[in-house]
C-alpha cells in the first residue's frame, strides 16, 4: 500500500507545457510532470520545489491524516498529501510556472453528514515553486478566518406555529457543549437572540435551553427542538449541518407554552 506521506499530482485539465519544461510523449500529448516524495528536510526552512509544514489544532495537538494541497494558480491542478503522526507533511512540487497556494481541509461528521472543513495557513501568501515554502496550519472551530469569514457555525431560531406568540429578540439561549468537533471541552455560552443569526458558534454538539424574558413580568422557560425533530423539550441537542446558500448552521425551533 502506498504510504500516506506520498504525494499525488491531481490534474483536472490538460497542461500546456511551455518550451523547455518537458517534451511530448509518443502520443503527441504534452508530458506530465512526475511527482515524488522529497528528501528529509528541515521543517523550518524553505526548500525549492517543496511545500512543507505542520498541522495542529487550536490546543497545539498535531493532527494526523489531514489532507494538504498545494494548488497551482496558473494550471488547474494540485499536489496532494497527508500529514503523518506528528502532523507534518512534505509535498514535492513539479517544476511548473505559476505560483502555488496552500490549501487544507479536515473531514468531520455531524448530523449524519460528512463535512470538509477548511483550514487556513498562518501565512496565506502564494509562493513560487522555485523558492518553496513552509506553511503551517491551525484548525479552529470558531473565530475569524483570514478571509473575513468564521470557522464556527451560525445559529438560527425559528418560532413554533403553536403556543403563544413572542418576541424573538427577548429570547435567551444557553448552550452547553456535549462534544466539540476538535475534541476540546469548550465552555457554556449564554447568548441573546436578536432576530438574526448568532454568528460563529463553535462546531460541535450542544444541549440548548431557552428562556423568554418579556419586557414586563417574570422570565419563562421555553420548549425547544432541533429543526426536523418531532418533539419539543425543555432541552434539545443540536449539531451543526451544512445548508446550501447558508453554509454551516445550527437550526433550532422554539415554542412558548401557553400559560396554564
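Rule-based calculations on the coordinates, nothing more; no lab input. In this text the structure is predicted, and so the values were computed from the model without any measurement. With ideal geometry, Cβ positions are generated from the backbone for all residues, glycine too; neighbour counts draw on all protein chains shown.
Brief remarks on what is shown
- Applying 1/(1 + (r/R0)^6) with r as the Cβ-Cβ distance of residue 184 and residue 164 and R0 = 51 angstrom yields a FRET efficiency of 0.85.
- Subtracting the Cα-Cα distance of residue 145 and residue 237 from 0.36 nm times their residue separation leaves 30.4 nm of extension gain.
- Label positions at residue 244 and residue 107, each projected 7 Å from the Cα along the C-beta direction, are separated by 2.1 nm.
- The modelled label-to-label distance between residue 46 and residue 229, using points 7 Å beyond Cα along the C-beta direction, is 5.1 nm.
- Using only alpha-carbon positions in the stretch 153-255, the gyration tensor eigenvalues give semi-axes of 22, 15, 13 Å once each is multiplied by 5 and square-rooted (largest first).
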